[in-house]
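Student: If you scroll down you'll find the structure; I have some questions about it.
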Amino acid sequence: MDSKVSIFSISQATTATFADLYFRLTFLFFIEHGSKQVETPMQGKILGEEGDLMIFPPGSMVTMVNRPTLEKDYRALGVCFTHDLIDAVYGDLPTPSTANGVQIVPAATHHPSGILALVQATLNDTTLPETIRQHRLLEPLIWLREQGIHLPTNIEDQPMSRVRSLIETDLSHPWMAEEVAAHFAMSEATMRRWLSKTGQGFAKILLHTRLEHGLSLLQTTDAQISQIALDCGFKTPSHFSDAFRKRFGIKPRDIRSAAV
């Protein structure tokens, strides 16, 4: 897996609604089976079907529903790009007057599976020199730009992004507000005012970061739920399960196997 581009196989057995999901990095979701519905305050509901590509720009906050069918689980491939790759392709464009929302590239007219194949081939080819590898990983983003897809740049200074990035360095660490404030060279009171711009306080950001990472691990790995709980900073599996169900309205185990 390349450090600048990551690819994940996502599977979900039960329909579930995930509210207020935050995407710190740029994510591309190639839907292989089932459908994905996304809702944002500015855009309303957007539906992606099998074969479509849905693009989540960095800094997106969405409500998302993944829907399997009666025959098969929901399946998608997620591709994540770091900020520097986005900046390399989009950095010369003017900052848009409005925030970029979730964008969709329909399978019927644009055949986005081709750029997925390019990413997979590039990541799997261990013979490529690193400079050529990095250039090829820009090609999917150049293709998206040619299709009229715009992605924001220079978002790393946003409070939500910076705090989540720090927490993600070690989710099992017992993060405290005072410690995080010190990392950003500010008082705890100043940090809380800084975070108030996001509409979420530190405790909520910490909990949501842990739960959303846990959701990702449930969808993309075979790790035991007990291990996921510990890796995400929960003291016990039951604490993780209770918090997960309260947040998403579904038990962690039901992500992987349909509830009876």
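Student: Name every residue in segment 24-51 that is surrounded by 19 or more Cβ atoms within 10 Å (Cβ to Cβ), not aliphatic (A, V, I, L, M) and not in a loop (DSSP other than H, G, I, E, B), in order of residue number.
Tutor: 26, 27, 29, 30, 36, 48
Student: Cβ-Cβ below 6 Å, separation at least six or inter-chain, first residue in segment 186-203 and more than 18 Å from residue 60 (Cβ to Cβ), second part of a helix (DSSP H, G or I) and open to solvent by 50 Å² or more (accessible area, probe 1.4 Å): which pairs?
Tutor: Filtered contacts from segment 186-203: 188/178.
Student: Tell me the residue from 238, 196 that is surrounded by fewer than 21 Cβ atoms within 10 Å (Cβ to Cβ) and over 13 Å from residue 163 (Cβ atoms), please.
Tutor: Unique residue meeting the criteria: 238.
Student: Within segment 1-23, restricting attention to residues that are part of a loop (DSSP other than H, G, I, E, B) and of a type in the set (Gly, Ala, Ser), which residue is most open to solvent (accessible area, probe 1.4 Å)?
Tutor: 3
Student: Considering (1) in contact (Cβ under 8 Å) with a residue 12 or more places away in the chain; (2) under 16 Å from residue 24 (Cβ atoms); (3) open to solvent by 60 Å² or more (accessible area, probe 1.4 Å), say which one residue 206 fails and leave the rest.
Tutor: Going through (1) in contact (Cβ under 8 Å) with a residue 12 or more places away in the chain; (2) under 16 Å from residue 24 (Cβ atoms); (3) open to solvent by 60 Å² or more (accessible area, probe 1.4 Å) one by one, residue 206 breaks only (3).
Student: Also: I want to confirm something. Restricting to segment 209-225 and keeping residues that are touching a residue at least 60 places away in the same chain (Cβ under 8 Å) and either in contact with a Cys (Cβ under 7 Å, 6 or more places away or on another chain) or surrounded by fewer than 19 Cβ atoms within 10 Å (Cβ to Cβ) (or both), which single residue is farthest from residue 249 (Cα to Cα)?
Tutor: 220
The values are calculated or read from the model by the stated rules, or taken from the named source; none is laboratory data. Note that the structure is a prediction, hence the values are computed from the model and not measured. Positions of Cβ are backbone-derived with ideal geometry, glycine not excepted, and every protein chain shown enters the neighbour counts. All accessible areas refer to the heavy atoms of the entire protein, side chains included, with ligands and DNA or RNA removed. Shrake-Rupley method; radii C 1.70, N 1.55, O 1.52, S 1.80 Å.
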